[in-house]
1. So the check is Cβ under 8 Å with 6+ separation or different chains; which pairs have a first residue in segment 106-117 that's touching a residue at least 60 places away in the same chain (Cβ under 8 Å) and a second one that's of a type in the set (S, T, N, Q)?
2. For the list (1) open to solvent by less than 30 Å² (accessible area, probe 1.4 Å); (2) modelled with pLDDT of 90 or more; (3) of a type outside the set (S, T, N, Q), I need the number of the one condition that residue 135 fails.
3. Among the listed residues 185, 174, which satisfies the condition of being small (Gly, Ala, Ser), touching a strand residue (DSSP E or B) at 6+ places or on another chain (Cβ under 9 Å) and either in a strand (DSSP E or B) or under 29 Å from residue 285 (Cα atoms) (or both)?
4. Pairs needed: first member in segment 1-26, within 18 Å of residue 227 (Cα to Cα); second member anywhere, modelled with pLDDT under 70 and of a type in the set (D, E, K, R); C-beta distance under 8 Å; at least 6 residues apart or different chains.
5. Which count do you get for residues in segment 350-371 that are among the β-branched types (Val, Ile, Thr) and open to solvent by 50 Å² or more (accessible area, probe 1.4 Å)?
6. Could you count how many residues in segment 62-101 are in a helix (DSSP H, G or I), open to solvent by 20 Å² or more (accessible area, probe 1.4 Å) and of a type in the set (A, V, I, L, M)?
7. Condition first: closer than 24 Å to residue 245 by Cα and in contact with a strand residue (DSSP E or B) (Cβ under 7 Å, 6 or more places away or on another chain). Now tell me which residues in segment 281-319 satisfy that.
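The values are calculated or read from the model by the stated rules, or taken from the named source; none is laboratory data. No experiment lies behind these values; they were computed from the predicted model shown. In this analysis, Cβ positions are derived from the backbone assuming ideal geometry, glycine residues included, and neighbour counts consider all displayed protein chains. SASA here: full protein model, heavy atoms, side chains in, ligands and nucleic acids out. Shrake-Rupley method; radii C 1.70, N 1.55, O 1.52, S 1.80 Å.
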Amino acid sequence: MQHKIDPQSLGSHGEIMAHAIEACVHCGFCLPACPTYQVLGEEMDSPRGRIFLMKEVLEGNLELEEAQPYIDKCLGCLGCVSACPSGVPYGELITAYRGYSEPKRHRSPFQKLFRLGLQETLPYPKRFRAAARLGQVGRVLQPLLPPLLQAPLELLPNPLPPSEPLPEIVPAEGKQRARVAFLAGCAQQVLQPGFNRASLRVLARNGVEVVIPREQVCCGALAMHTGERVRALRLGRANLRAFQGEFDAILTNAAGCGSGLKEYPLLFHGEPEQTQAEALAAKVKDIAVFLVELGLREVPPLAEPVRAAYHDACHLAHAQGVRAEPRQLLRSIPGVELVEIPEGELCCGSAGTYNLEQPQMAATLGERKARHILATGAELVVTGNIGCFTQIETHLRRLGREIPVLHTIELLERAYFGAGR
């Protein structure tokens with residue numbers, strides 16, 4: 001018996017889910033854009049297949065647990081959104097559906113504990129640093145651990161970079177051209193603190209005063225995209241308070257964080273803070289976009305010319321539509337030869353916590369991405385997201401080719417200040 005979706009029965013996001021499902025005409029343009037479909041070749045592992053499954057669950061024609069294995073394999077990379085001619089808001093659908101389904105599904109005690117561990121460590125730099133140090137010690141036991149616990153250990157840098165505390169304000173150099181607030185991120189403060197250092201130095205060099213609010217917390221993307229809406233709302237409310245003030249923009253240097261902040265209108269849909277969330281999201285910009293709009297002060301040439309491959313982070317290219325600006329920044333550096341990566345639009349397999357929760361599929365996609373990078377003959381790789389950085393570096397290392405991986409702004413920092421400084 002067929003049923004219609006009753007949006008009222010699905011909570012505050014019911015109408016959003018119903019609209020997204022109705023917008024899909026099952027044309028199939030999403031199939032070649034979907035990484036899991038490319039690997040597995042199964043209809044239910046494609047966006048239109050997952051939309052059908054979600055529709056059946058929401059209409060009461062299919063048990064939630066029957067659909068869940070296919071939904072879980074979705075990276076949330078939003079490659080399908082870029083490919084869709086009908087404008088299906090798949091990102092809104094998958095996020096809202098996971099928020100709806102997570103409290104209703106069955107997980108083993110081990111899975112629950114593992115996910116709780118991720119939620120209670122990754123968004124908190126001090127906790128994450130302690131966990132990372134413990135993980136480095138635990139590497140000696142790695143072969144004895146289950147695959148779900150082996151994956152996080154492989155992604156850790158060795159050694160762990162020293163902590164770099166951030167100031168509350170970084171003054172502009174020369175005439176001040178703008179004043180911005182800066183989201184410092186969570187995992188990258190532990191795994192690659194150089195991303196923030198480079199960002200602050202390059203912004204200051206370009207006449208930007210940067211405020212780093214002490215009260216800021218994790219953007220909530222990790223919780224939001226794994227169905228933990230209550231946790232995401234709590235983090236979001238803290239940031240709504242922290243980023244109050246007169247700023248020309250709220251900047252991020254991590255694709256996932258920027259996308260997470262831009263999703264606050266979805267997160268707060270139906271909540272008292274919805275208008276405030278919309279105002280904050282409207283001010284959020286990726287650092288590459290901001291610098292292109294501002295206009296760079298003269299960039300000195302690199303000490304040595306370099307052939308660089310730029311990797312499109314999914315939550316820049318697909319979620320935010322940011323493709324041209326990072327390339328424009330890189331081409332503005334004298335001495336950079338920019339090359340494109342084959343299948344550049346396909347996800348590297350990082351996708352937030354995906355490479356921790358779905359290590360086999362993530363490893364397949366990570367190796368595929370690393371091989372395509374090596375095929376370019378690039379001397380280094382540039383990207384704009386900590387997850388992509390970690391995933392690509394790991395899989396290049398697995399292939400025995402440890403070519404440098406940098407953040408886009410780190411290459412600008414090298415030009416302005418010299419390598420290694």
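1. 115/226
2. Only one criterion in (1) open to solvent by less than 30 Å² (accessible area, probe 1.4 Å); (2) modelled with pLDDT of 90 or more; (3) of a type outside the set (S, T, N, Q) is unmet by residue 135, namely (2).
3. On the way: 174 fails: touching a strand residue (DSSP E or B) at 6+ places or on another chain (Cβ under 9 Å).
Every option except 185 fails the conditions.
4. Sorted first by the residue in segment 1-26, then by its partner, the pairs are 14/6.
5. Taking segment 350-371 and keeping what is among the β-branched types (Val, Ile, Thr), we get 353, 364.
Checking which are open to solvent by 50 Å² or more (accessible area, probe 1.4 Å) leaves us with 364.
Result for segment 350-371: 1.
6. Count: 3.
7. Once the filter is applied, which keeps residues that are closer than 24 Å to residue 245 by Cα and in contact with a strand residue (DSSP E or B) (Cβ under 7 Å, 6 or more places away or on another chain), segment 281-319 yields 283, 284, 285, 286, 287, 290, 294.
Matching residues to (1) under 28 Å from residue 296 (Cβ atoms); (2) without any contact (Cβ under 8 Å) to a residue 60 or more places away in the chain; (3) within 18 Å of the chain's Cα centre (by Cα):
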{"site": "173", "(1), (2), (3)": "yes, yes, no"}
{"site": "190", "(1), (2), (3)": "no, no, yes"}
{"site": "201", "(1), (2), (3)": "yes, no, no"}
{"site": "224", "(1), (2), (3)": "no, no, yes"}
{"site": "247", "(1), (2), (3)": "yes, no, no"}
{"site": "261", "(1), (2), (3)": "yes, no, yes"}
